[in-house]
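The structure appears below as structure tokens.
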Amino acid sequence: MKRIDQICGLAVICVESGANIGKVTQVILDAQSKKAAGLRISPKSPIGSARYIALTDVEIIGDVSVLVKPGAASKPVDRNQRRSNGTMVLGEKVYLTDGSGIGWFTNALIDEASGNIHSLEVSEGYFDDFLKGRRWINEFSCGDSGITALQNGRGQ
């Protein structure tokens, strides 16, 4: 299992040629399937544009790099990709089932082999993070209004 912040910043390498394609800048999470859908990468050269790699085109997510199939980075990133198309966005508000807000989605723990989201990290703010630590939510659902935690993440 890896956290999103452990994947972001990794070099993206083509399995066949060994070429460095770029660097992971974002892990795209699908709210409906509760899985990682793919990776957004920044190009190695300053001239290129950001690219999207589907998780099905990823061979291995390692500790120092991500190995991808040849031609995986050919799809440009959809700049309008937001919550409306089922993508979970860092910083999104997290609510309890009674509608009260508990914080903001700041990270996720995902299984790098299957892409399944194991749990979400929720921040209540700097002061509460320092005093109590961040919450980890294992059971959640996603809707148009945001992320709903089905448990409060504090030992329940």
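Values in this text are rule-based calculations from the coordinates and carry no lab data. Since the structure is predicted, the reported quantities are computational estimates derived from the model, not experimental observations. Counting neighbours? That spans all protein chains shown, and the Cβs are built from the backbone with ideal geometry, glycine included.
Restricting attention to the range 1-125, the count of lysine pairs at 8 or more positions apart or across chains with alpha carbons under 23 Å apart stands at 16. Take the Cα of residue 96, step 7 Å toward its Cβ, do the same at residue 20, and the gap between the two points is 4.8 nm. In whole angstrom, note down how far apart the Cα centers of the range 122-146 and the range 17-37 are. Rounded to whole Å, the Cα centres lie 23 Å apart. For semi-axes √(5λ) of the Cα gyration tensor in Å, the candidate list reads [x] 30, 16, 14; [y] 40, 21, 11; [z] 34, 19, 14; the entry that matches the value derived from this model is [x]. For the chain, modelled as a GNM whose springs connect Cα atoms under 10 angstrom apart, the maximal fluctuation among 66, 15, 58 occurs at 15.
Counting only DSSP beta bridges whose two residues both lie in the range 2-74, roughly 80 percent are antiparallel. The translational diffusion coefficient of the range 87-149, from Stokes-Einstein at 25 °C and 0.890 mPa s with a Kirkwood hydrodynamic radius over alpha carbon pairs, comes to 204 µm²/s.
For the residues 30, 144, 57, a GNM of the chain with alpha-carbon springs under 10 Å puts the largest fluctuation on 144. Among 130, 105, 140, which one shows the biggest mean-square fluctuation in a GNM of the chain, springs joining Cα atoms closer than 10 Å? Evaluated over the chain, the most mobile residue of the options is 130.
Neighbour counts of C-beta atoms inside 10 Å place 95, 52 in the sequence 95, 52, starting with the fewest. A crude spin-label estimate for the pair residue 59 and residue 1, with each label 7 Å from Cα along the Cβ direction, gives 2.8 nm.
If you add up the charges near residue 124, with Lys and Arg at +1 and Asp and Glu at -1, over every other residue whose beta carbon is less than 10 angstrom from its beta carbon, what do you get? After counting each charged neighbour, the total is +1.
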